[in-house]
1. Given the conditions (1) part of a loop (DSSP other than H, G, I, E, B); (2) surrounded by 15 or more Cβ atoms within 10 Å (Cβ to Cβ), and given that LYS105 satisfies all but one, which numbered condition is not satisfied?
2. Got a sec? Which of ALA35, ALA40 is buried (at least 16 other Cβ atoms within 10 Å of the Cβ) and touching a residue at least 12 places away in the same chain (Cβ under 8 Å)?
3. Give me a count of the residues in segment 56-75 that are outside any loop (DSSP other than H, G, I, E, B) and not hydrophobic (A, V, I, L, M, F, W, C).
4. Restricting attention to segment 21-31, does a residue exist that is assigned to a loop (DSSP other than H, G, I, E, B), surrounded by 17 or more Cβ atoms within 10 Å (Cβ to Cβ) and touching a Phe, Trp or Tyr at 6+ places or on another chain (Cβ under 9 Å)?
5. So, in segment 136-191, exactly how many residues are in contact with a helix residue (DSSP H, G or I) (Cβ under 6 Å, 6 or more places away or on another chain), in contact (Cβ under 8 Å) with a residue 60 or more places away in the chain and farther than 21 Å from ALA111 by Cβ?
6. Among what's in segment 1-19 and is acidic (Asp, Glu) and modelled with pLDDT of 95 or more, pick the residue that is surrounded by the fewest Cβ atoms within 10 Å (Cβ to Cβ).
7. For segment 139-165, which positions are within 17 Å of the chain's Cα centre (by Cα) and modelled with pLDDT of 95 or more?
Amino acid sequence: MKDIIEKCRKDVLEIYKQFDASHDMQHIERVGLNAKKIMATEPEVDSLIIELGILLHDIDDPKYQQIGNPTAKELLERYQLAPAVIDQILTSIDAISFSGGNESKLPSLEAAIMRDADRLDAIGAVGIARAFAFGGARGRKLYDLEEVPRDQMTEAAYRKKEVATVTHFHEKLLKIKDLMVTKEGRRLAEERHVFMESFLTQLTNEIESDDE
C-alpha cells in the first residue's frame, strides 16, 4: 500500500507544480493532514481509498486540465489496482466538488472524509489565503461592493461567472461549515468559520474607512 501511495505522490507532484498556489501540492498535503485528523475518529475506513483519492482529487479539475497530463483514472490504472477500487476512488473524487452548492450524494464514509478534509482547506486562515491566491491568478477583483452574491445557482453558472473574491466567500466559503458531514469535520470547521467572519468584518471596516 505504501509503495502505491508513494508512486502516486511522485506522479502527481509534477502535475501540481503546473497549478497556482491555491491548488498546488501544499494544498494536497494539507488536505491529507485534515483527513488523518478525521480518520482518527472514524477508524473503520479504507485509508488507501482516502489517501489516493486526496492525491488525485484535483487532477481532473476543469480549471486546470492541460493536454498531456494523465487523468486520475489513467494514473490509477498504472498501479494495477482492482477495477472496484479504482471505481470507488473515482466515485469519491466526483463527490468532493462544491459545484455551486449542487451536492453529489456521498457514496461512502471514505468519500465523506475526503470531502470534509478538502473543504476544511477552503476555510479559515489558509482558506482566505487560497481564495485570494486563486482570485489573483484569475485576475479577479479583491471585492466589488455592488456585486450581489448568488444564493442558488447551477453548476454551470457557478463555474462560468467570474466574481470578486469577497463575493466568493458569500457564495461558497461561508456555507461550508454547515455542509460538513463528519463529526470531527464539523468541529474543526467551527473555529475556521469564526476566523473568516472576523476577517470579513475587519476587511469591511477598512474598506468603509477608505471610502470616507
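The values are calculated or read from the model by the stated rules, or taken from the named source; none is laboratory data. Since we're looking at a predicted model, the values are computed, not measured. Note that each Cβ is placed from the backbone with ideal geometry, even for glycine, and that neighbours are counted across all protein chains shown.
1. The failed condition is (2).
2. When all the criteria are applied, what remains is ALA35.
3. 2
4. Here is the first cut: in segment 21-31, the ones assigned to a loop (DSSP other than H, G, I, E, B) are 24.
Checking which are surrounded by 17 or more Cβ atoms within 10 Å (Cβ to Cβ) leaves us with 24.
Now drop any that are not touching a Phe, Trp or Tyr at 6+ places or on another chain (Cβ under 9 Å), which leaves 24.
Yes, segment 21-31 contains a residue that is assigned to a loop (DSSP other than H, G, I, E, B), surrounded by 17 or more Cβ atoms within 10 Å (Cβ to Cβ) and touching a Phe, Trp or Tyr at 6+ places or on another chain (Cβ under 9 Å).
5. Number satisfying all stated conditions: 1.
6. Start the filter on segment 1-19 by keeping residues that are acidic (Asp, Glu), which leaves 3, 6, 11, 14.
Next cut, modelled with pLDDT of 95 or more only: 6, 11.
Values: GLU6: 10, ASP11: 17.
The extreme case among them is GLU6.
7. THR165
Here is a yes/no grid of residues against (1) in contact (Cβ under 8 Å) with a residue 40 or more places away in the chain; (2) touching a Ser or Thr at 6+ places or on another chain (Cβ under 9 Å); (3) buried (at least 17 other Cβ atoms within 10 Å of the Cβ); (4) of a type in the set (Phe, Trp, Tyr):
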site: ILE59; (1), (2), (3), (4): yes, yes, yes, no
site: GLN66; (1), (2), (3), (4): yes, no, no, no
site: PRO70; (1), (2), (3), (4): yes, no, no, no
site: SER92; (1), (2), (3), (4): yes, yes, yes, no
site: LEU109; (1), (2), (3), (4): yes, yes, yes, no
site: GLY127; (1), (2), (3), (4): yes, no, yes, no
